[in-house]
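Each reported figure results from applying straightforward, stated rules to the coordinates on display, with no laboratory input. All of these numbers come straight from a predicted model, not from anything done at the bench. Ideal geometry is used to build each Cβ from the backbone, glycine not excepted, and the neighbour counts take in all protein chains shown.
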Amino acid sequence: MTLNKNKSISIICATYNAESYLKKFIDSLNNQTVKDFELIIIDGKSSDKTVDIIESNSSLITKYISEKDKGIYDAWNKGIKIANGNWLAFVGADDILNKDYVEIYLNSLKKCPLNTDYISSKVNYINNNGKILKVLGETWKWDRFKYKMTTAHVGSLHNKRLFHEIGSYDINYKIVGDYELLLRKKEKLNTFFINKITLNMLADGMSLSFDSLIERRRAQLNTAKIRPFKANLLFLVGVLFLIKLKWKIK
């Protein structure tokens with residue numbers, strides 16, 4: 001596979017009042033062993049110093065927009081429209097990329113089949129103190145994925161043509177729109193897995209919520225078309241897991 005003469009990877013970061021995290025995220029990109037990427041930041045009209053941090057790092061940031069949006073998936077959709085890369089990665093301001101993140105993914109592009117839609121790796125799921133709670137990410141298999149988000153979406157690569165084929169993120173989802181997107185091709189999604197940890201993801205926010213379980217159930221019923229009994233059982237299991245994980249975070 002020959003890499004595009006332009007930046008091969010577009011990293012799209014959604015921000016909103018992220019001054020506490022954004023500088024560390026940007027530093028993790030400044031420290032990359034390979035610089036073959038473009039960084040796009042879509043800000044939701046922050047009222048803190050987020051935009052100041054963005055503008056003070058203009059040499060690294062290819063493009064940025066700061067305007068009101070309808071949530072993270074609306075922001076990422078805006079990023080898709082202006083991205084130049086053949087491969088798109090989606091992150092939040094509180095994610096910290098390993099210094100070899102870009103290098104690892106670029107190497108994977110030389111190995112993966114030409115029809116690959118989606119490339120993922122492993123990530124450390126950490127609490128506010130930096131303690132690793134769990135390592136997320138495994139080889140994608142439809143028979144498991146339709147019941148559970150088994151891949152680590154944050155920082156993973158999406159072939160840009162995938163969005164032309166199946167559409168962009170559904171902004172009616174506020175928390176699990178990434179999962180719903182990858183459910184759309186069902187067993188026909190062509191994937192490639194990297195058995196390496198590439199970043200740290202903060203275990204915080206709406207992904208650890210009752211609402212996320214409700215949304216996951218809706219995606220499984222409407223997009224994956226699994227049976228209601230199975231979806232309800234998975235919902236109950238998710239509630240128990242959520243209680244256990246929140247206790248560990250404390």
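Assorted remarks:
- Listed residue (116, 129, 15) projecting farthest to the positive dipole end of region 9-203, Cβ model: 116
- Projecting the Cα positions of 39, 240, 167 onto the charge dipole of the chain (unit charges on Cβ atoms of Lys, Arg, Asp and Glu, taken about the Cα centre) puts 240 furthest along the positive direction.
- Sorted fewest first by neighbouring Cβ atoms within 10 angstrom, 120, 28, 47 come out as 47, 28, 120.
- Rounded to whole Hz, the Karplus (6.51, -1.76, 1.60) HN-Hα couplings of region 40-55, x for glycine and proline: 10, 10, 10, 9, x, 6, 5, 9, 9, 8, 4, 5, 4, 5, 4, 5
- Rounded to the nearest 20, the size of the Cβ-charge dipole of the chain about its Cα centre is 1040 debye, with Lys and Arg at +1 and Asp and Glu at -1.
- Checking the cross-link pairs 23/134; 110/148; 78/185; 78/146; 99/148; 35/225 against a 32 Å limit on the alpha carbon distance flags 35/225 as lying beyond it.
- Listed residues 80, 93, 219: farthest to the positive end of the dipole of the chain (Cβ charges): 219
- Value at 222 nm in deg cm²/dmol, rounded to 500, when DSSP H runs of n ≥ 4 in the chain each add -39,500 (n - 2.57): -10000 deg cm²/dmol
- Residues 193, 235, sorted so that the one with the fewest Cβ neighbours within 10 Å comes first: 235, 193
- Order of 185, 134, 81 - criterion: other Cβ atoms within 10 Å of each residue's Cβ, fewest first: 81, 134, 185
- Note on region 9-203: Cα-Cα pairs beyond 23 Å make up 40% of the total pair count.
- The chain: DSSP helices with Cα axial extent of at least 15 Å and average Kyte-Doolittle hydropathy no lower than 0.5: 228-249
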